[in-house]
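Asker: Sharing a structure with you now.
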Amino acid sequence: MQTLSLPLSNLLRNKESFKRLITHFKYLHTRSGTWSVNSSTSWTRRSWGPKCVLVSRRQGPLGQLTAGNMCTSSGDDKTSWLWSVYNETKQRTLDLIPVISSNFVNPDTIFANNQMSLQDIEIYGFDYDYTLAFYSSHLHTLIFNIARDILIEEHRYPEGLREYDYIPNFVIRGLHYDVQKALLMKIDAFHYIQLGTVYRGLNPVPEKEVIAMYEGSHVPLEIMSDFYGKSSHGHTMKQFMDIFSLPEMTLLSCVNDYFLKHNIDYEPVHLYKDVKEAIGDVHVRGIMYRAVEADIEKYICYGEQTHAVLQKLSKMGKKMFLITNSPFDFVDRGMNYIVGKDWQDLFDVVIVQADKPGFFNDRRKPFRRVTDKGVLLWDRIHHLEKGQIYKQGNLYEFLRLTGWRGSKVLYFGDHIYSDLADLTLKHGWRTGAIIPELRKEIKIMNTEEYVHTMTWLQALTGLLEQMQVHQDPASQTVIQQWISEREDMRLRTKDIFNGKFGSLFRTYHNPTYFSRRLSRFADIYMASLSCLLNYDLQHTFYPRRTPLQHESPIWPEETSFQSHRTTAGSQRET
Ligand SMILES: [Mg+2]
């Protein structure tokens, strides 16, 4: 596989090119605030700098930033000067692109939000669905179809809904749904709606209408869903954090679309509850479990590498446990397929139907043992034994019986709230998030098109920041053209990930609501467990020291820029 480390020569080349761009921006940063220009100056490419009479922005109070108005030059001179700076910046950015493009991010990297050493981890815990077991896209179609038919046959929804099929890639994880307004949307880390990503049914809602409905684009805390992303009384925004919720969001959109198209009056809250119930029934009644068990090769992606990870940990003498909400039969069939019939030998404790996140909070539910025939036994549990299957229980009892406490335990799960939030906030276990979408997004970020657009977008944004002080009409005409170009590029960098909702991780430059939760609740995150195969079990994950807004960007930006394109700092070659 591609080595994860960056060759020294590449690093040096990268640093040199990046230094040139940084020097260029530092020059703009310190020189664009207040200036005047000799009207007789003739501007030529790459000669704009020295011919200005310049006063550093840092030499005076902020009030001096309006000094662009003091310019004594003609409008034509100002226009030429601004375009010459633009062209110079663009050229320097273009020079950098081949170097950046050569330093792609390896999709098999493990990324760190928090420093963590595998050397300290003695016990590894796992969720099952979308952590140990990965499903093909057929599963989403299956869930969608069954829930749609339940709505028609049991909730008496119109037969016409059968015309709707599952729409792959219509939605992304982490979206919010306004239950009362029947709107699906993406919200950023600061509770702002990303305009252009609000959908009623299958159609976008015009920005003006969104702004009128929400009196802007900010969503107040009191109508956001609760800590675990669920809506409850008074909360109208439900966040969908589960990979299983992709068919649920799509079904909600299709049913809304049908009612809107046919001018049928309906109560959005009831529609939401009916769809939620129908989707829940697909799981609770065991319909999905039976379908997957009946055709396992169609629905489960063979997990050769998952098996290799578990064997690697076992060989190194690590303890392992499984805590899943799924029933034993379902897990057993899947693990037989992925690992083999002796899969239970790898695990010290297996807990099924755990009812997470309640499992991490509720102290009352006792553990029950389940026989391999699925019979529930009522004996009081004094030990959690290897080779046995346990049901329900709670984490407090789990900690008491195993003694597996604190930062020597690392638990992996794909649900940021149900799997990871309580563990990191209340119990001090280390946490690893499995985010399968990472692989696709990183591959897009590694394309030349994306690198080109994003690099120039950053450079142009820097240019706008520095040149906004020039308020005269000629300068403002140029600056408005730059703003339009920037808007076009921002849209392109959104659409390249998903035409409707963009990236899972960003709303333009801001992190998404999902991203912020991910960085808060997960010590490390990765596309799949197989990424662990690239690291030895002594490895320490170091988060990048990205500069805070008030910190000097000079050195950290150079290094962080470089490491954006590569991988976690000190990985070993495999
Ligand atoms: Mg899961």
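The values are calculated or read from the model by the stated rules, or taken from the named source; none is laboratory data. Bear in mind the structure is a predicted one, so any value in this text is a computation, not a measurement. Every residue, glycine among them, receives a Cβ derived from its backbone with ideal geometry; neighbour counts consider all protein chains shown.
Asker: Being within 16 Å of the ligand (Cβ to nearest atom) and charged (D, E, K, R) is the filter here; which residues of the stretch 401-414 pass it?
Answerer: Within the stretch 401-414, just ASP414 meets the criteria.
Asker: Restricting attention to the stretch 342-386, and to residues there that are in contact (Cβ under 8 Å) with a residue 24 or more places away in the chain and of a type in the set (Val, Ile, Thr), which single residue is farthest from ARG400 (Cα to Cα)?
Answerer: Taking the candidates together, the pick is VAL370.
Asker: Taking the stated definitions as given, is GLN466 assigned to a helix (DSSP H, G or I) and over 25 Å from the mean Cα position of the chain (by Cα)?
Answerer: yes
Asker: Kindly provide the set of residues from the stretch 520-552 that are of a type in the set (Val, Ile, Thr) and under 19 Å from the mean Cα position of the chain (by Cα), ordered by number.
Answerer: ILE524, THR546
Asker: I'd like the full set of residues that are closer than 14 Å to VAL255 by Cβ and surrounded by fewer than 21 Cβ atoms within 10 Å (Cβ to Cβ), limited to the stretch 114-150.
Answerer: Residues satisfying the conditions are ASN145, ASP149.
Quick grid of which residues meet (1) polar (S, T, N, Q); (2) more than 30 Å from GLY125 (Cα to Cα); (3) within 16 Å of the ligand (Cβ to nearest atom); (4) touching a residue at least 40 places away in the same chain (Cβ under 8 Å):
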| site | (1), (2), (3), (4) |
| --- | --- |
| ILE442 | no, no, no, yes |
| MET445 | no, yes, no, yes |
| PRO473 | no, yes, no, yes |
| ILE483 | no, yes, no, no |
| ARG486 | no, yes, no, no |
| LYS494 | no, yes, no, yes |
| GLY502 | no, yes, no, yes |
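Asker: Let me ask something additional. For the stretch 312-366, give me the residue count where each residue is of a type in the set (A, V, I, L, M), more than 14 Å from the ligand (Cβ to nearest atom) and in a loop (DSSP other than H, G, I, E, B).
Answerer: Residues meeting the conditions: 2.
Asker: Can you find even one residue in the stretch 375-389 that is over 27 Å from ASP242 (Cα atoms), part of a helix (DSSP H, G or I) and not aliphatic (A, V, I, L, M)?
Answerer: No, there is no match, as no residue in the stretch 375-389 is over 27 Å from ASP242 (Cα atoms), part of a helix (DSSP H, G or I) and not aliphatic (A, V, I, L, M).
Asker: Moving on. What are the residues in the stretch 415-435 that are within 13 Å of the ligand (Cβ to nearest atom), modelled with pLDDT of 95 or more and not β-branched (Val, Ile, Thr), if any?
Answerer: GLY432, ALA433
Asker: Restricting to the stretch 120-157, what's the tally of residues that are of a type in the set (Gly, Ala, Ser) and away from the ligand (no atom under 16 Å from the Cβ)?
Answerer: 2
Asker: Another question about this same structure. Return only the number of the condition from (1) touching a Gly at 6+ places or on another chain (Cβ under 7 Å); (2) more than 30 Å from LEU420 (Cα to Cα); (3) basic (Lys, Arg) that LYS494 does not satisfy.
Answerer: Of (1) touching a Gly at 6+ places or on another chain (Cβ under 7 Å); (2) more than 30 Å from LEU420 (Cα to Cα); (3) basic (Lys, Arg), only one is false for LYS494: (2).
Asker: How many residues are in a loop (DSSP other than H, G, I, E, B) and under 16 Å from the mean Cα position of the chain (by Cα) when one looks only at the stretch 419-449?
Answerer: Qualifying residue count for the region: 2.
Asker: Of (1) touching a helix residue (DSSP H, G or I) at 6+ places or on another chain (Cβ under 7 Å); (2) more than 25 Å from ILE172 (Cα to Cα); (3) of a type in the set (Gly, Ala, Ser), GLY406 satisfies all except one. Which?
Answerer: (1)
Asker: I'd like to know if the stretch 388-405 contains one or more residues that are at positive phi and surrounded by 16 or more Cβ atoms within 10 Å (Cβ to Cβ).
Answerer: The answer is yes, given that some residue of the stretch 388-405 is at positive phi and surrounded by 16 or more Cβ atoms within 10 Å (Cβ to Cβ).
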